[in-house]
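Please read the structure below before turning to the comments.
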Amino acid sequence: MSIPKTEAKQLLERLIFESQPPEEWVQDVWGLSALHGDSAAKLLEVFNALIECCPEEHLDNLIQSLYYEQEI
């Protein structure tokens, strides 16, 4: 059984952005460089779009493989 999208999104955010909220991460990157900040904002937008359109089963498989790789 796959995990709900909301939980999958939270796990992926924790994996990518660690303990920092994604929007805060974008602002931090923007503070370092406007060019990179723009890219960070686009990256977050694409991340959110992918979460919305990806089936729960695929998100579940992705999370399992990413967390498995971290344990090795």
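The values are calculated or read from the model by the stated rules, or taken from the named source; none is laboratory data. Note that the coordinates shown come from a computational prediction; the quantities given were computed from them, not determined experimentally. So basically every Cβ, Gly included, is an ideal-geometry build from the backbone, and we count neighbours across all protein chains shown. We work out accessible area using only protein heavy atoms, side chains counted, and drop any ligands, DNA or RNA first. Shrake-Rupley method; radii C 1.70, N 1.55, O 1.52, S 1.80 Å.
Identify all residues within region 1-55 that are basic (Lys, Arg) and free of Cβ contacts under 8 Å to residues at least 12 places away in the same chain; write none if there are none. It would help to see each step written out before you state the result.
Taking region 1-55 and keeping what is basic (Lys, Arg), we get 5, 9, 14, 42.
Passing the criteria: 14, 42.
Among residues belonging to region 1-15 that are open to solvent by less than 100 Å² (accessible area, probe 1.4 Å) and either assigned to a loop (DSSP other than H, G, I, E, B) or acidic (Asp, Glu) (or both), point out the one that is nearest to residue 69 (Cα to Cα).
The qualifying residue nearest to residue 69 (Cα to Cα) is 13.
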